[in-house]
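The values are calculated or read from the model by the stated rules, or taken from the named source; none is laboratory data. Keep in mind that what you see is a predicted model, and the values were worked out from it rather than measured. Using ideal geometry, Cβ is built from the backbone for each residue, glycine included, and neighbour counts are taken over all protein chains shown. Calculation scope for accessible area: heavy atoms of the full protein, side chains included, ligands and nucleic acids excluded. Shrake-Rupley method; radii C 1.70, N 1.55, O 1.52, S 1.80 Å.
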Amino acid sequence: MNKSKSWGLSLVVALLVAACGGSDPYVPGSGSPSGAPTTKGSFTAVVSFGDSLSDLGTYTPATVIPGTNPPVYMGGKFTTNSATSTIWVENLTTSLGLVITPAAMGFAGQSVACPIAAQVPSLANTCTGYGQGGSRVTDPNGIGHSTGALTVPVVTQIANHLARFVSFKSTDLIFVLAGNNDVFVQFATFAATAAQVQADAAAGKLTADQANTALFNAQTVALAGMKQAAQELGGYVINQILAKGGKYVTVMMLPDFALTPFGQSLPASAQPVATALSQNFNLWLRDTLTNQPVQLIDTLVFFDSIAADPSHYGITNMTTPACDAAKISVITGGAVTDGSSLFCNSTPGVPYNGLATGASATTWFWADGVHPTTIGHKIFSDAVISQLKSFGWI
Amino acid sequence: MTSRLQTIAVAIAAMLAAGAASAQENAVKFGVVEYTTHAETSGITGVGVPPGADATVGNATTVVFTYERLLTPNIGAEIALGIPPTIKANAAGTVAFLGSDVLSAKVVAPAFFLNYHFGAIGDTWRPYLGIGFNYTRFMSIESTLAPSVQMSDSWGWAAQGGISYAINDKWSLFGSIAALQVKSNLVASGATVLQTSINFRPITYTIGAAYSF
């Protein structure tokens, strides 16, 4: 009996050890950045990389109203354009008492670097707004490139900054907001495959299971594309910004593209794919930037919170684009038929006003299918400013 | 991990050292085991995975070896180790269209039991009941859905009931049924990250022969 008693003890000890359980596998994307500054910055410049959401007017020359001299431009930014309409990057920069201007302006092969330098030489160092409509993370062939958009990718935007300023400064406040156009490209590829699969299924060439598997595989390919874009962007932040002197670096995660009017116009079956592409980009961006000294801003949470309670933000319409595609088509002589806010002017009374009847740049959130109005940008910049305060940076 | 293996090693050493060897205090057994699972999962979650995605886990057959040392005429300490069988999982629920064998893994699952043998040494039929614990490690994990899959190790209780039939004073036949607690968290990483946690709830059915010495 003594023996069995000691065995009983051994068993108890072993079970206690067992109770600790096996260690769980690492879950990619479950970490966080760490080590970003916690002190106020003495900012002398805002440096912004990205796409149309951060575009300060790259394509303004393309929006000239024919026959005007001096030229009058109907648009230039992806919002409800007017003489006083500003986007989030400008709002934020102004709030810091600084100035930011486009790093380049042009269209259809023409591009002028730092155009403000020729007009106001004292502002030559303010052209640090690199965002361009259509730009992707790495691929220079962005959305609209074939029809004239410059779409300089983020990797080249950063290289251009380094070519001009050699390195980043500890007094630069740096923003990276990119990946949306990679979502659109991946989604378009998926949608084309999905249409073919559905046609084949309808024609009896594929069984339901084969069709579902083909759709799942097409989604996986698109998700892999987003993973690659996120890892590349994260790599540029680490190797081309942080390693080159960047100190105050904010990287934005993407909003849910299914919540935009364009996303909402998609078939219900496709909307989860749209959401997944944004989410997957965010997952791998977070994973790549885990333990890196940056701050992440989750714009997905931000847009979700506005969508959930628009009136709290003074928004009366969260679903309909304020710009009228038919009006813009007439104004541009049929050249622009998709209602792009790049050509949308909100100045009351002018003949080139592109707002829909009853629409407002100050109470409607969306200018077009994917870009915010002037008030939409203001709400976004307010949120970013509040985040910067919570970081202790301003 | 290491400390747990050490615990097992110490237990085995203690087992071997316990008492002077006398007739029929030791038994080695070998047999065929059917490893049947009754798995429940938390569902498969991840970016782009539709709600209701799930998986079912299949069964496996392998060969098991055990060593038992009688501590008293009625109480034995038993350690069991099988040749790791491969279990496979099929897609289920809203992703059932992905088909079978979406995941496979080799299951290394040693178990330790403290058995109570009814009757007395020399009886032809001796039923027994045992309780203990099992450790399960999943190896050679492969999935058609992701290039990298990891599963956590599992520690849990184990219980068995069996009966032995003595052919002579050395050889006997036995049959047993065991229930094990085996849970693992799975993370599959590819284009995106899939997660699930699986409660395998295995029942094993074993028949074999034993040699006592």
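For this structure, a couple of remarks:
- Cβ-defined net charge surrounding A:Gly334, 15 Å radius [Lys, Arg +1; Asp, Glu -1]: -1
- Electrostatic tally near B:Val47: other residues with Cβ closer than 13 Å to its Cβ, Lys and Arg +1, Asp and Glu -1, net 0.
- Across B:His38, A:His377, the residue with the most accessible area heads the list, and the full order at a 1.4 Å probe is B:His38, A:His377.
- Accessible-area rank, largest first, for A:Trp364, B:Trp171: B:Trp171, A:Trp364, with all protein chains present and a 1.4 angstrom probe.
- Helices of chain A meeting both criteria, an alpha-carbon length of 30 angstrom or more along the long axis and an average Kyte-Doolittle score not below 0.0, with helices taken as full DSSP H segments, are A:180-202.
- Within 10 Å of each Cβ in B:159-172, the average number of Cβ atoms from other chains: 0
- Computed in the context of the full set of protein chains, the accessible area of the protein assembly as shown at 1.4 Å probe radius has 61% of its extent on carbon or sulfur.
- Fraction of the pair-distance distribution of region B:2-212 above 26 Å, Cα-Cα pairs, percent: 41 percent
- For the chain pair B and A, the interface hides roughly 2900 square angstrom of accessible area in total, found with a 1.4 Å probe.
- Max-minus-min Cα coordinates of region B:53-138 on each principal axis give 56, 20, 19 Å, with the largest extent listed first.
- Take the Cα of A:Lys244, go 7 Å toward its beta carbon, and the backbone nitrogen atoms of region A:45-62 under 19 Å from that spot belong to A:45-51.
- Protein-protein interface of region B:87-114, residues with accessible area decrease of at least 40 Å², isolated chain reference, 1.4 Å probe: B:Phe97, B:Leu98, B:Leu114
- Top of B:Thr144, B:Thr66, B:Thr41 by mean-square fluctuation, Gaussian network on chain B, Cα under 10 Å: B:Thr144
- Within a Gaussian network of chain A (alpha carbon springs, distance under 10 Å), most fluctuating of A:Ala104, A:Ala230, A:Ala195: A:Ala195
- Heavy-atom accessible area per residue - chain A, 1.4 Å, Å²: 41 Å²
- Averaged over its residues, chain B has an accessible area of 44 Å² per residue, based on protein heavy atoms and a 1.4 Å probe.
- Charge tally in the Cβ shell below 14 Å around B:Pro85, where Lys, Arg are +1 and Asp, Glu are -1, B:Pro85 excluded: +2
- The helix-based estimate of mean residue ellipticity at 222 nm for the protein assembly as shown, built from -39,500 (n - 2.57) per DSSP H run of four or more residues and divided by its residue count, is -9000 deg cm²/dmol to the nearest 500.
- With an a/c value of 1.5 or above and a/b not larger than b/c for the gyration tensor axes a ≥ b ≥ c computed over the alpha-carbon atoms, region A:29-157 is described as oblate.
- 12 Å Cα cut-off, lysine pairs counted over chain A (separation 8 or more, or different chains): 4
- Test item: B:184-195 mean partner chain Cβ contacts at 10 Å: 6
- Here the protein assembly as shown was treated as a single set of alpha-carbon atoms; its pair distances binned every 10 Å from 0 give 3, 14, 20, 17, 13, 10, 9, 7, 4, 2, 0, 0 percent.
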